[in-house]
Each structure stands twice: as C-alpha cells, then as structure tokens.
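See below for the structure under consideration.
Any read-out appearing in this document is the output of simple, stated calculations on the displayed coordinates, not a laboratory observation. Source: prediction; values computed, not measured. Positions of Cβ are generated from backbone atoms using ideal geometry, with glycine treated the same way; all protein chains shown enter the neighbour counts.
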Amino acid sequence: MKIAFIGLGNMGGSMAQNLLKAGQTVFGFDLSEVALQHFAEAGGVVCESPQAAAKQADVVITMLPAAKHVRDVYLGEKGVLAVLKAGSLCIDSSTIDPQTIKDIAAVGRAKQISICDAPVSGGTLGAKDGTLTFMIGADEATFNAVKPVLSLMGKNLVHCGDVGTGQVAKICNNLILGISMTAVAEGMALGVKLGIDPQALAGVINSSTGRCWSSEIYNPWPHICDNAPASRGYTDGFAAQLMLKDLGLAVEAAEQVEHPVVLGHQVQKMYQQLCQEGDAHLDFSSIMHQYTTQPA
C-alpha cells in the first residue's frame, strides 16, 4: 500500500514507523522539522504538504491536534480531498468532535472517497509497540477496507458504528482516563504524605481493587513504571493540553444532551490550572503536580 500520513508527532510518528516496519511505502508531512527528520530516518518519504503526500497515496491517515486542523487538511484550499482519486480511503485518528468528521465524510462520499474516524487508545507506549486500540466509526464496507491498514498499528480494532461513533467512544474513554489518572495521582500523593513507600503503595493498588491502567501501566509517580512519562520528567507523552482538550469535548458533548458529568467538570478545572501553571506540554500524568506532595 501507498499511505500518506499527516501528523507525525508523539503518536503519529510512532504509528507511521510501524507502517514502515511492516514494509509499507509511507509519504509523510508534519510542521515539525524534528518529526520529519525522525520519519525520514525510519525510511519514510518526506513531503512538502498534505496534498503532496496524498497525491501519491491510496490511503490517507491523519493524526492531528484539533478539529480545525483536521477540517483544514481535508477541506481547506489545499486540502487532500481535492487531489485524492475516487476509491481512496481516509482514516482520521485525531480526537475531535463527532460532527466534524461527519461533515468531512459527507464531502468524501460525494467524491467516492471513503472516510472514517478511528481515534486511538493506548498512549505513546501503545503507539510505539503497535498495540493501540482503534475505535472506528464507519459503514461495514469501509470498516473492512481499513482493517488491513489499522492492524499494522494496533492490536484491537473496534467497530463502534457509523461515522462519528468512534469519536463518541474516544471522548468517553478519555473522560474516564482523565478522572482515573487524577484519582491515582491523588491516592499516590496522599499515601506518600502519610509515610508509605510509593513502590509498596503501587504494589498494593495494582494487586487490589484500585488497579487500573493509570496505576499499573502509566503510574503518575516517578519510577513506578520505568517506561511511563513520569519516570522521564513527564516528557514524550500525551500532553496535558491535549487531555484538557479531550475533557472539553466530553463536557461540551454532555451539555448538548443535558447529561451530568460531575467528576468530568472537576477534573477539567484541574487540568486547566495545570496548563496555566506551565505544564501544558508535559504528559497528562503531570497532574501529580497539582498535589502538595511533589514526586522526587
């Protein structure tokens, strides 16, 4: 397959590298020169624009920060839908509101281009290891068409329903993730303040009822999980500002259907404060910094 990959950051860069490892030809674009350098070193073909990448591809994958970027890459004056041929596949793995991808998919259908949303779960570790979960919103035919591509980057492919439902699943998942990470940070900080060794506390949590992904795989206390961002100064992870964005999407969606998200509102405020205090670019597990007990 010839694949265009737009957005080669912490997540997209690793995903593209897994495609390259699988022997695919990948044309890439990103605004970051560093990201493009890493992509090129892995064997990718660097392109000067999203259109330049898409012109050479049968499949386009996007992994971008926000809905405005996704809309511009697909529908802007220099958008990829203007150059893709009929029969092409487009996969958006960004986390955005459901309506945006529905609008883009409608334009794609008019051009006989199949478009689906396939946001991911698994973090930067899952992206590197190729074990991501993809939450896919697509009709049955498109879902079957994208499976061979997504299976090169992920372990679990979940068909959530029609276009947009992948985004619904993702924002609900990240609502839970933001809350659970904050809960683990709160518990770890309290335990250390009360005098327990953090390794001992994590061992109890991870063999008891408090166990969750945030405690076992991505613990926010340094040196509990060697591969977690907390053990490298909260760098090279899922940025706190992106978690704040996702929590905002969940809260906004809840307001549209008049559904209460009490914990979501509180955690959103905590991430707003975290970002305002200068941790916006650190991994979202740096929510630990909101507690008085600071990790060593």
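Ranked highest first by average number of other Cβ atoms within 10 Å, how do 99-108, 56-65, 192-201 line up? Before the final figure, lay out each step's value.
On the way: 99-108: 19.4, 56-65: 22.0, 192-201: 12.9.
Sorting 99-108, 56-65, 192-201 by mean packing, highest first, produces 56-65, 99-108, 192-201.
Kindly express, to the nearest 10 degrees and within the range 0 to 90, the angle between helix 98-110's C-alpha long axis and the longest C-alpha principal axis of the chain.
Here the helix axis deviates by roughly 10 degrees.
Out of every Cα pair in the chain, what percent are spaced more than 35 Å from each other? Mind dumping the intermediate values first?
Values: 8583 of 43660 pairs.
In whole percent, the long-distance tail amounts to 20.
Quick one: if you take sqrt(5λ) for each eigenvalue of the C-alpha gyration tensor of the range 208-296, what semi-axes come out, biggest first, whole angstrom?
Whole-Å semi-axes of the equivalent ellipsoid: 24, 15, 12.
With an 8 Å Cα cut-off and a minimum separation of 6 or more residues, compute the relative contact order for the chain in percent. Don't skip to the answer; put the middle values down first.
Values: 590 pairs, mean separation 39.0, N = 296.
Here the relative contact order equals 13 percent.
Counting helices only, and only those DSSP H runs with n ≥ 4, report the 222 nm mean residue ellipticity of the chain as the sum of -39,500 (n - 2.57) divided by its residues, in deg cm²/dmol to the nearest 500.
Value at 222 nm, helices only: -14000 deg cm²/dmol.
Would you please give the residues with an amide H less than 5 Å from that of D139, counting only those at least 5 places away or on a separate chain, with H modeled from the backbone geometry?
Amide H to amide H, under 5 Å and 5 or more residues apart or across chains, D139 pairs with V163.
For the range 126-142, what does the Karplus curve 6.51 cos²θ - 1.76 cosθ + 1.60, with θ = phi - 60°, yield as ³J(HN,Hα) per residue in whole Hz, taken in order and with x for Gly and Pro?
x, 5, 5, 7, x, 10, 4, 9, 9, 9, 10, x, 6, 6, 4, 5, 5
Order 242-248, 20-26 from most to least packed using the mean count of other Cβ atoms within 10 Å. Intermediate values should be presented prior to the final figure.
Details: 242-248: 22.7, 20-26: 16.3.
In descending order of packing, they fall as 242-248, 20-26.
Would you mind calculating the relative contact order of the range 168-290 from Cα pairs under 8 angstrom and at least 6 residues apart, reporting the percent as a whole number?
31 percent
What's the angle, to the nearest 10 degrees (0 to 90), between helix 262-274's Cα axis and the longest principal axis of the chain?
On a 0 to 90 degree scale, this one is about 90.
Beta carbons within 10 angstrom, averaged per residue: use that to sort the peptides 27-38, 5-16, highest first.
Sorting 27-38, 5-16 by mean packing, highest first, produces 5-16, 27-38.
Please report the net charge: other residues with Cβ closer than 13 Å to the Cβ of G130, K and R +1, D and E -1.
+2
Can you give the Kirkwood hydrodynamic radius of the range 107-234 from its Cα pairs, in Å with one decimal?
One over the average 1/r among Cα pairs gives 16.5 Å for the range 107-234.
Just report the Cα centroid separation between the range 1-78 and the range 198-258, whole Å.
27 Å
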